[in-house]
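Read-outs: derived from the displayed coordinates by stated rules, not from any lab. It should be emphasised that the depicted structure is a prediction, and the values quoted were computed from it without experimental measurement. With ideal geometry, Cβ positions are generated from the backbone for all residues, glycine too; neighbour counts draw on all protein chains shown.
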Amino acid sequence: MNETKTIDVLDVKGKKAGSAELPGDVFDVNTNIPLIHQVVVAQLAAARQGTHATKTRGQVSGGGKKPWRQKGTGRARQGSTRAPQWVGGGTVHGPQPRSYAQRTPKKMVAAALRGALSDMARDNRIFIVTSLVDGDKPSTKQAKAVLSGLAELSKVLVVLARSDEVDWLSVRNLSEVHVLAADQLNTYDVVNSRTIVFSQAGFDAFVGARSASAQALTAEPEVPETDVADQHPYGEDSFRGDNPPAGFDIKGSEDSKKFHDPSSPWYGRTIAEVWFRSAAAAEAAGFVNAVKSDSEKEDAK
């Protein structure tokens, strides 16, 4: 598994024009059928409009008058001609507008697509062509001939680059062909096709986008540099952060300009905004001892 496979790149005449490598991490991975099923079901569910709606008895027009009096007629009591048991009445528990979308993690979607492509590659049902048309004028006839020369012209998925305008115009009227841009390739369309034909530009765009995504996932996050002045706002005997160095036991609050030493009764309940190495360092920075300041206020009273 994860072996790179080399296939021929064909020209419009079906002759070899070069070769291309199918990356093993995309075209040779384990095919997880339950995962593919889950992703396809979610994709089809998300495509549903969900605009179905029925009217309840409260939404049906009319029925405001009681059909007949409650007693004395010998008939069953009725309160409205729009009740569910009446013809023309409302619907009970009928369908209402809703969204059928299912949340599917991006990694699961990507893994399902890789598995489906790998299954196609192992069956030699993936082809790459330089172009579907020889020249700069669209030709449905020539595009059909090129595709027919590769495999049976039935449920063919053509993947093009968005810049392949001539190829887009050439295959858009072929009922046996479904065409997608490289960034639109998805699990359902791969599973629903018998053959996949990439244009050279479409294949390069697809593989390039996958490689860029893989590098972004594996890249190590950059660690922002800490400003020394911000880490030591009141000199070397102060520290701002969640993990102070050993010896920085004094907790300071920049809002109240008070500090607490370990003997303070509020020390354990105080969240430090800045740490000091000693009480003298805190006082030099303009902070006052919270315990002493509170006791001085009580003495003043």
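With respect to the chain, whose longest principal axis is taken over its alpha-carbon atoms, helix 106-122 is tilted by about 30°. The label point for H37 and the one for S253, both projected 7 Å from the Cα toward the Cβ, are 6.0 nm apart.
Helix 140-150 and the long axis of the chain differ in direction by around 80°, with both axes built from C-alpha atoms. With only Cα atoms counted, the chain has Rg and Dmax values of 36.0, 102 Å. What the Cα convex hull of the stretch 15-91 gives, in volume per residue, is 218 Å³.
In the chain, helices alone account for a calculated mean residue ellipticity at 222 nm of -9500 deg cm²/dmol, with every DSSP H run of four or more residues adding -39,500 (n - 2.57).
Can you give the FRET efficiency to the nearest 0.05 for Q85 and H52, using r as the Cβ-Cβ distance and R₀ = 30 Å? Before the final figure, lay out the partial values.
Details: r = 23 Å, r/R0 = 0.75.
Plugging the Cβ-Cβ distance into 1/(1 + (r/R0)^6) gives 0.85.
One chain, two ends: T130 and S263. Fully extended at 0.36 nm per residue, the span grows by 40.0 nm beyond their Cα-Cα distance. Applying a threshold of 32 Å to the alpha-carbon distances of K16/K155; K106/K155; K107/K137; K15/K137; K107/K141 flags K107/K137; K107/K141 as lying beyond it.
Is there a quick way to get the dipole size of the stretch 228-300? I mean about its Cα centre, with the Cβ of Lys and Arg at +1 and of Asp and Glu at -1; what is the value in debye to the nearest 20? Can you show the working numbers first?
Values: 8 positive and 14 negative charges, 17 e Å.
Its charge dipole is roughly 80 debye.
Ignoring lysines fewer than eight residues from K257 along the same chain, the ones with Cα atoms less than 27 angstrom from its Cα are K292, K297, K301. Give me the angle, in degrees from 0 to 90, between the Cα long axis of helix 33-46 and the longest principal axis of the Cα atoms of the chain, rounded to the nearest 10. Once rounded, the angle reads 90 degrees.
Between N30 and Q184, take the C-beta separation as r, use R0 = 30 Å, and let me know the FRET efficiency to the nearest 0.05. Here the calculated transfer efficiency is 0.75. The trypsin sites (Lys or Arg not before Pro) of the stretch 54-107 meeting both criteria, a DSSP state outside H, G, I, E and B (loop) and at most 10 other C-beta atoms within 10 angstrom of the site's C-beta, are K65, R69, K71, R75, R103.
Here each label is just a point 7 Å from Cα along the line to Cβ, and for D8 and S61 those points are 7.0 nm apart.
In this rough spin-label picture, where each label sits 7 Å from Cα along the Cβ direction, the E21-M1 distance is 2.1 nm.
Among DSSP bridges having both ends in the chain, what percentage is antiparallel? Round to the nearest 5. Write out the running numbers ahead of the final one.
Working: 14 of 32 bridges.
Restricted to the chain, the bridges split so that about 45 percent are antiparallel.
Between the beta carbons of R103 and A76, assuming R0 = 41 Å, the FRET efficiency works out to 0.30 to the nearest 0.05.
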